[in-house]
Amino acid sequence: MKKSQKAYLVLKRFISICGAFVGILFCLGLFWWWVFIINLIVTKGHPFFMHERVGKDGKPFKMIKFRSMYLSADPNSTSEFADHSNMVTPFGKFLRATSLDETPQLFNILVGSMAFIGPRPVINHHEDKLTIELRKQNGAIHLKPGLSGYAQVHGRVNVSPEEKGKMDGYYYEHISLWLDIKLFCQTIACVFTRHNTEKDKKED
């Protein structure tokens, strides 16, 4: 990584703190309160989903989301969740389609375990072992996981672990303010066009 890119990471952290603080205030005032109340009822008192993920330098951290699955669903599996009628609550389908389930990760960004843009955090589980290994090889493991990332706007789960690893590596090699702005705008576009969302989204 170039010196200019290392310097940008310092600026990126400052932007992340400011952006997360503003985002939290915005979400609290606009929709978090009613999402919390509805999910509190739907999930029988368990509105949030917290799960250990692989973070920067391979260190584990707790990622928070609004719960979209039934309590009986196995949180360590991903490939089994294609049948939403069995594993995802009706309200959870709406949360996933709109990506509102991801918004509590603003707190992860605020405390420094995540960033707005970066490799998507994975589970330290056999299904993600290849992705983790590829990130170690290409250097992406040294970046903070992102609320969204290069792979998320270029196929999400429709790409193989090998392709995802190459995308993570590309992002690591080309990280910049311009690239982050571009990926952030593409993420917003994906949400509003519902591209790569509900039909193929897992508990990731």
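The values are calculated or read from the model by the stated rules, or taken from the named source; none is laboratory data. None of the values given here were measured: they were computed from a predicted structure. Every residue, glycine as well, gets a Cβ built from its backbone with ideal geometry; the counts of neighbours run over all protein chains shown. These area figures cover heavy atoms from the full protein model, side chains too; ligands, DNA and RNA do not enter into them. Shrake-Rupley method; radii C 1.70, N 1.55, O 1.52, S 1.80 Å.
One residue stands out among those in segment 134-147 that are under 20 Å from Ala20 (Cα atoms) and open to solvent by less than 10 Å² (accessible area, probe 1.4 Å): the one that is farthest from the chain's Cα centre (by Cα), which is Pro145. Among the residues making up segment 103-130, a single one is touching a Gly at 6+ places or on another chain (Cβ under 6 Å) and of a type in the set (Ser, Thr, Tyr): Ser113.
Going by the conditions given, is Ile141 in a helix (DSSP H, G or I) and free of Cβ contacts under 8 Å to residues at least 12 places away in the same chain?
no
Answer with yes or no whether Glu127 is out of contact with any helix residue (DSSP H, G or I) (no Cβ under 9 Å at 6 or more places or on another chain), assigned to a helix (DSSP H, G or I) and not β-branched (Val, Ile, Thr). Considered against the rule, which asks whether it is out of contact with any helix residue (DSSP H, G or I) (no Cβ under 9 Å at 6 or more places or on another chain), assigned to a helix (DSSP H, G or I) and not β-branched (Val, Ile, Thr), Glu127 comes out as no.
Selection of first residues in segment 20-45 that are touching a residue at least 60 places away in the same chain (Cβ under 8 Å) and in a helix (DSSP H, G or I) and of second residues that are open to solvent by less than 60 Å² (accessible area, probe 1.4 Å) and among the aromatic types (Phe, Trp, Tyr), restricted to Cβ pairs under 9 Å at least 6 apart or on distinct chains, gives the following pairs, ordered by first then second residue: Ala20/Phe116; Gly23/Phe116; Ile24/Trp32; Trp32/Phe66; Val35/Phe66; Val35/Phe91. Test Leu71 against the criterion of being over 21 Å from the mean Cα position of the chain (by Cα) and more than 30 Å from Leu179 (Cβ to Cβ), and give yes or no. For Leu71, the condition - over 21 Å from the mean Cα position of the chain (by Cα) and more than 30 Å from Leu179 (Cβ to Cβ) - is not met. Exactly one residue out of Leu110, Leu95, Leu100, Leu71 is out of contact with any Cys (no Cβ under 7 Å at 6 or more places or on another chain), more than 21 Å from His126 (Cα to Cα), modelled with pLDDT of 90 or more and open to solvent by 50 Å² or more (accessible area, probe 1.4 Å): that is Leu110.
Can we say Val122 is more than 25 Å from Lys2 (Cα to Cα), among the hydrophobic types (A, V, I, L, M, F, W, C), in contact with a helix residue (DSSP H, G or I) (Cβ under 8 Å, 6 or more places away or on another chain) and open to solvent by 20 Å² or more (accessible area, probe 1.4 Å)? Steps first, please.
Working: more than 25 Å from Lys2 (Cα to Cα): yes; among the hydrophobic types (A, V, I, L, M, F, W, C): yes; in contact with a helix residue (DSSP H, G or I) (Cβ under 8 Å, 6 or more places away or on another chain): yes; open to solvent by 20 Å² or more (accessible area, probe 1.4 Å): no.
No.
All conditions but one from (1) loosely packed, with under 15 Cβ neighbours inside 10 Å; (2) touching a helix residue (DSSP H, G or I) at 6+ places or on another chain (Cβ under 6 Å) apply to Trp34; the one that does not is (2).
Just wondering, is there one or more residues in segment 86-97 that are part of a helix (DSSP H, G or I), of a type in the set (Gly, Ala, Ser), in contact with an Asp or Glu (Cβ under 9 Å, 6 or more places away or on another chain) and within 23 Å of His154 (Cβ to Cβ)?
At the first step, the residues of segment 86-97 found to be part of a helix (DSSP H, G or I) are 86-87, 90-97.
From what's left, of a type in the set (Gly, Ala, Ser): 92, 97.
So of that shortlist, the ones also in contact with an Asp or Glu (Cβ under 9 Å, 6 or more places away or on another chain) come out as 92, 97.
From the residues that got through so far, the ones that are within 23 Å of His154 (Cβ to Cβ) too are 97.
Among the residues of segment 86-97, at least one is part of a helix (DSSP H, G or I), of a type in the set (Gly, Ala, Ser), in contact with an Asp or Glu (Cβ under 9 Å, 6 or more places away or on another chain) and within 23 Å of His154 (Cβ to Cβ), which makes the answer yes.
Being at pLDDT 95 or above and of a type in the set (D, E, K, R) is the requirement here; does Lys62 meet it? Break it down into steps so the answer makes sense when it comes.
Values: at pLDDT 95 or above: yes; of a type in the set (D, E, K, R): yes.
Yes.
The C-beta contact set for segment 150-176 (first residue assigned to a helix (DSSP H, G or I) and buried (at least 20 other Cβ atoms within 10 Å of the Cβ), second residue at pLDDT 90 or above and of a type in the set (Lys, Arg), distance under 8 angstrom, 6+ apart or interchain) comprises Gly165/Arg135; Asp168/Arg135.
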